[in-house]
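Working notes for the structure below.
The values are calculated or read from the model by the stated rules, or taken from the named source; none is laboratory data. These numbers come from a predicted model, not from an experiment. When we count neighbours, we look across all protein chains shown, and the Cβ atoms used for this are built from the backbone with ideal geometry, even at glycine. What goes into the accessible areas is simple: the full protein's heavy atoms, side chains included, and nothing from ligands, DNA or RNA. Shrake-Rupley method; radii C 1.70, N 1.55, O 1.52, S 1.80 Å.
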Amino acid sequence: MSISAIQFAQQNRARFLDELKDLLHIPSISTLPEHGEDVRRAAEFVASELRRIGMENVQTIATAGHPLVYADWLHAPGKPTCLCYGHYDVQPPDPLEEWLSPPFEPTERDGNLYARGAVDDKGQMYIHIKALESLMQAHGGRLPLNVRVLIEGEEEVGGEGIAAYLRQHPERLQSDFALVSDTEMFAPGLPTLCVGLRGMIYTEIEARGAKSDLHSGMYGGAAPNPFMALCQMLAQLKDAHGRILIPGFYDGLVAPSSAELATWKTLPFDEQQFLAHEIGAIALTGESEYSVLERLWARPTLEIHGMPGGFIGAGAKTVIPARAVVKVSMRLVPEMQPQASFDRYKKFVESICPVGITVDVRLIHAGDPIVIRVDNPYIEAATNALRVVFGRETVFVRSGGSIPIVGDFERYLKIPTVMMGFGLPDDNLHAPNEKFHIANFNRGIETVIHFFERLGAA
Ligand code: BES
Ligand code: MN
Ligand code: MN
């Protein structure tokens, strides 16, 4: 007797998890050149898995950076076409000593699977693949709708490979909607669709002073110090109330509608709990005239990530460094433009550069902010599928994070995206002890099965 796709998924849970562990063993860290071979191995792993489950035209596509993995199955005439997106690259695992089990030795503890990439995004990307496998098995090698799969290996570095491919060959990706599982649920057990992401510009400022490092006693007082210059400039970018001081920076910003803001007020959000358990600091900061969720989802921000250079060894060295660098990023919200934002920032930094210093302001990568359309049958089918599996109504949220390609799906493919994520707020994305709640891996697979079966039946 034939079994349903849901039954197949339930009977194969252990194997699905084992296969995910195999992928999590590969340290596909896209930003570290010494892991280039691992990144390529992860792409091959995903491609061979897509081949094995019965997808067609499976290929790895070379880019200027790390390869894309593409596959399709397009034999459901008259049915919608879904573009399944995910990324197989991961963030670096440091600081290693804070991991309770090694980042690339996936380990189960308390119903969670711990590993770098467990939730961001290998585990969530695998939800799509395992749902497709279950559907193929239950429907005699067929799918209820048409599917294209596009998985990238440089999401975590803002790589342009996928965007370049999409702009050059939009016809090869022609679809009715995209499905992205790379976001979080607002709370455990609460089905969530993400409808907005912040964009970003990631930049570097290099300040140069003397022609080489100088003895700080012999020359201090007369020679320019590039670190001090950077600090003086950085202090002028944002005030103590969280307001960004770059002239014109907020131009084009469109505030959320009062209806959207009203729905955010109904979300189960406890500021004290958020401060104590997610942030773990003594106070929240930022623009106090906006709620925390508005600050995270609908306001731009500016952060300093690091200041490489100078003396950072254990003891003391009396030196005036010849050069200093700072890495600064800005998160953008609709309809702020990355290039215009960068131009304003660069011009402002150059205008406040202290005497004796020359600065070079560089853009490392950029991505558009996006708010997606929700008045489409795909969002409706998604909430129906989520209701079946989670037994609750879906909440619509935005996220402060960025997934640059989602804006391109809208702008270049002219399709809406369903951002259906199964991560939890305490999954430690980009941090030590990243995990994926195993129950959410299973529920995710079942939700995608229901979602595709509904869209195929309509
Ligand atoms: N999956 C995240 C983005 C995300 C996290 C969205 C949580 C919603 C909720 C993604 O992998 C990510 O980390 N993106 C980077 C993008 C950047 C490097 C261009 C980010 O947001 O920093
Ligand atoms: Mn991700
Ligand atoms: Mn990430």
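Odds and ends about this structure:
- Relative contact order, whole percent, for the chain stands at 26, derived from Cα pairs under 8 Å and 6 or more residues apart.
- With only the Cα atoms considered, the stretch 1-143 has a convex hull volume of 115 Å³ per residue.
- Overall dimensions of the stretch 231-358 as given by Cα atoms, namely Rg and Dmax in Å: 18.2, 58
- Rounded to the nearest 10 degrees, the angle from helix 36-53 to the longest Cα principal axis of the chain is 20 degrees.
- Column: log10 I(q)/I(0), Debye, Cα scatterers of the stretch 312-359, q = 0.26, 0.31 Å⁻¹: -1.08, -1.24
- Mean projected area of the convex hull spanned by the Cα atoms of the stretch 126-215, taken over all viewing directions: 12.0 nm².
- Taking the accessible area of the chain, probe 1.4 Å, and keeping the other protein chains in place, the carbon and sulfur fraction comes to 53%.
- Within the full protein context, the accessible area of ARG323 is estimated at about 120 Å² for a probe radius of 1.4 Å.
- To the nearest 10, the accessible area of HIS430 is 90 Å² with a 1.4 Å probe.
- The length gained on full extension between GLU303 and ALA223, counted as 0.36 nm times the residue separation minus their Cα-Cα distance, comes to 25.9 nm.
- The helix-based estimate of mean residue ellipticity at 222 nm for the chain, built from -39,500 (n - 2.57) per DSSP H run of four or more residues and divided by its residue count, is -9500 deg cm²/dmol to the nearest 500.
- For the stretch 307-444, the percent of C-alpha pairs falling in each 5 Å distance bin, counted from 0 to the bin holding the largest distance, reads 2, 7, 12, 13, 13, 13, 11, 9, 7, 6, 4, 3, 1, 0.
- Based on C-alpha pairs under 8 angstrom that are at least 6 apart in sequence, the stretch 1-156 has a relative contact order of 34 percent.
- Along principal axes, Cα extents of the chain, largest first, whole Å: 87, 49, 45
- Sorting ASP110, ASP120 by solvent-accessible area of protein heavy atoms yields ASP110, ASP120, largest first, with a 1.4 Å probe.
- For the stretch 221-282, dividing the convex hull volume of the Cα atoms by the residue count gives 154 Å³ per residue.
- Å² of accessible area per residue within the chain, as computed with a 1.4 Å probe and no ligands counted: 43 Å²
- For the stretch 315-395, the spread of Cα coordinates along the three principal axes comes to 65, 38, 16 Å, biggest extent given first.
- Efficiency of FRET between HIS430 and ASN384 - r from beta-carbon atoms, R0 35 angstrom, step 0.05: 0.60
- With Cα atoms, 0 to 90° folded angle of helix 377-390 axis to the chain main axis: 80 degrees
- Kirkwood Rh in Å, taken over all unlike Cα pairs in the stretch 1-52: 12.8 Å
- Angstrom value of the Kirkwood radius, inverse mean 1/r, which spans all Cα pairs in the stretch 171-312: 19.7 Å
- With all protein chains in place and ligands, DNA and RNA left out, the 1.4 Å accessible area ranks GLU271, GLU410 as GLU271, GLU410, largest first.
- Mean shadow area of the stretch 352-392 over all directions, Cα convex hull, nm²: 6.5 nm²
- Of the residues CYS194, CYS231, ranked by 1.4 Å probe accessible area with the largest first, the sequence reads CYS231, CYS194.
- Pairwise Lys count, the chain - Cα closer than 24 Å, eight or more residues apart or different chains: 17
- Compared with the dominant Cα axis of the chain, that is its longest principal axis, helix 438-457 is turned about 60°.
- Averaging Cα coordinates gives a centre for the stretch 384-415 and one for the stretch 93-164; these two points are 17 Å apart.
- Taking θ as phi - 60° and the Karplus parameters 6.51, -1.76 and 1.60, the scalar couplings of the stretch 85-93 work out to 10, x, 9, 9, 8, 10, 7, x, x Hz in sequence order, x denoting glycine and proline.
- Share, in percent, of DSSP beta bridges within the chain that are antiparallel, nearest 5: 70 percent
- Here the gap between SER4 and ASP239, fully extended at 0.36 nm per residue and compared with their Cα-Cα distance, gives a gain of 78.8 nm.
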